[in-house]
1. Please give the Cα centre distance for region 287-321 versus region 406-472, rounded to the nearest Å.
2. With unit charges on the beta carbons (Lys and Arg positive, Asp and Glu negative) and the dipole taken about the Cα centre of the chain, which residue among G552, H156, Q188 sits farthest to the positive side?
3. Given region 204-279, report the % of alpha carbon pairs whose separation exceeds 17 Å.
4. Which one of A335, G296, L377 has its Cα pushed farthest toward the positive end of the charge dipole of region 280-393, where Lys and Arg give +1 and Asp and Glu give -1 at the Cβ?
5. Give the span of region 106-244's Cα atoms along each principal axis, as three whole-Å numbers ordered largest to smallest.
6. What is the packing order of peptides 134-147, 579-592, taking the mean over residues of other C-beta atoms within 10 Å and listing the highest first?
7. Given +1 on the Cβ of Lys and Arg, -1 on the Cβ of Asp and Glu, and no further charges, what dipole in debye does region 280-393 carry about its Cα centre, rounded to the nearest 20?
8. Hey, any idea what Rg/Rh is for region 578-633, computing Rh the Kirkwood way over Cα pairs?
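The values are calculated or read from the model by the stated rules, or taken from the named source; none is laboratory data. All of these numbers come straight from a predicted model, not from anything done at the bench. Here the Cβ positions follow ideal geometry from the backbone for every residue, glycine too, while neighbour counts run over all protein chains shown. Quick note on the areas: whole protein, heavy atoms, side chains included, nothing else; ligands and nucleic acids left out. Shrake-Rupley method; radii C 1.70, N 1.55, O 1.52, S 1.80 Å.
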Amino acid sequence: MSKPNPLGFKDHSPFSGFSDELIYGVGADGQTIHISEVDRGLACKCQCPACDHVLIAKKGKKQAHHFAHYNAGGSCKHVAETNAHIWAKDVLEREKRLVIPAVIAEHNGNTHEVSPAKIHEFAHTRLEKRLGTIVPDVILETASGAQLIVEVRVTHASEEAKLETLHRDNLSAIEIDLRRFRTSSDRQAVEEALLTDAPREWLSNAKQAKFDERLRNRIEAAEARKAKEAEARAKRLELAEQEKERRAKEQLERSVRTLTQAIRNQSEFDQELPDFVDGIMQEFGGINWSDAQALGFCVDQRVWQAELILKYLTYPNALEYHGFDEITVRDAMRAIDHCLIPAFRQAIPSPVRTRLRETWPRARVPEEAIETFFDWLVADGYLTPTREGAYSLNEDYADALHERERHRQAYERRLENLRGQIGSIMSKLPAPEQAGFNQELWEKAPLGEFRDCPEALCQKGDEIYREFERAIRQIELMFDGGAAVIRLLGLPLSGEVERAHIRERDRKLRAAANRRQSLTEAAQLQLEDEAHAWLSAPSEDDEELSRIDQAGLDDLSYQHARGELERATKARHARIRAQNEALSCQAELREAAAKVYDKERLELFLSASDPRIGKSPIQHCTNQRTLRECLALLPKKRRAERSR
């Protein structure tokens, strides 16, 4: 036995308090007693707490100590619960405290927390074999005598019959679920679970009906109060509605009188249209300008219609209403507020409109006139209706507007760049050559070779413009030291063209001198003392030109001369290697012959012509092959002696 369990003895089994072996008995004095506190065998003098059967204390060395029913052939079925009940009573008797679940009142789905879950203190704890028709696990009593039944769940929940009895007898009972701790050997954890932590719930509450009744009365009182308030409110609303109708009638009459008087007081407006209106009408010539009779405007209808077009259909304003903001009649009224008679700057209610039509049957108030005009713009493909009184920019028109604006910006950008380029070109000319040039006139003057003026070319931006742009770039390059141009584009550039020709001639002379110098230096480096003769010799490409003169013609001729130099260098190196090899072989032949002949005969052998080789040995010996042939001319005997 290695470890004390929560019941005060040692063994290797799980928490014995919830085991299937009985560890509590009832002693002769009627008190419960633990197996660790009694004598072995029948000397324990104990009875079963559950069924009163005589117990025998089994306290051997192989099994955990426990009680068994004497001569009963087995234990009763309440062993685990009996252990738990007695253990729970001991803990509660010692602690005198227990967390009680929250008390919740309920009525028709409504709930109210009467009391939160909290710790209650008790005066006494007892086990009862029977309370009326039920057998409670543990009974707690307060100092005032109130009782609470505590059911400890180790295996099964309380039976339905017990629950019915608890409710019928109006008994208060809670159930604590300790199933999770059935195999625990941690005394502190199990006790704390019993007292505070383990799940617990009310099985029955003697005061539950009273709590529910209080909640029901409170809810019914609140509902009655609300019904009374609703009735009073409805009466007030009815009176208020009557008063509202009376005031609305009075307001209608006042509004009709005010608007009618404002229309009659409005003097005739100026028939001459502002300049911007003519421009808008020309740009949007395809629009059906609304001529419907309208009330409340202090300007000609074309004026306020042109202002709406300027705000909603011209770039960049129009793009704000393409997929983002809406165009509404109310916003339009605010935009042309200055075009309205002050009395008509607010929305005109429908009843007032109806009364005005009694006097002006075909006329429309500003809101109606604007909406009619917008409907015309829808029909012409400028707007698209989105909802009542709201519009957005038509997709096709938005695309066309984008394209037109892109083209305009491109034209302005091209024209701005052109002006910068021409201004820069002219600034580089001497002052006398600039005199008399007018750039504005030049932009509008046709250029014969391009069949249009520069400004028109910028407007088109086509392939002809790009060719014109390339011509401008060539002129800029000429000023930067490039070649002289042929196309002057109507600019006073004859003096600069002459200067460009001079620069080109000087550049060619410098380039020719550089190429001649480069070839001379390369030849001197690679051919050394042979360089001068090689440079003065005729070129392979043109026998009338020396190599140095050929290099001065152009880059291609220079490259050909460099190619000849590389070939001459390789030939020179090969010749030097052959000479060195011949000298080496001749020295070796002389050394070999010296071992055969005396000095006089040696020179005769080397310089005399030998019919076998057609020349003297010293002339014939130029490489390893001819060396071997010359060595073969030596006398054999003497060669052998030489070999020895």
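1. 39 Å
2. Farthest towards the positive end: Q188.
3. Numbers: 2140 of 2850 pairs.
Every Cα pair in region 204-279 considered, those over 17 Å come to 75 percent.
4. Of the candidates, G296 comes out farthest on the positive side.
5. If we take the Cα atoms of region 106-244, the spans are 81, 34, 31 Å.
6. 134-147, 579-592
7. Dipole magnitude for region 280-393 comes out near 420 debye.
8. A ratio of 0.93.
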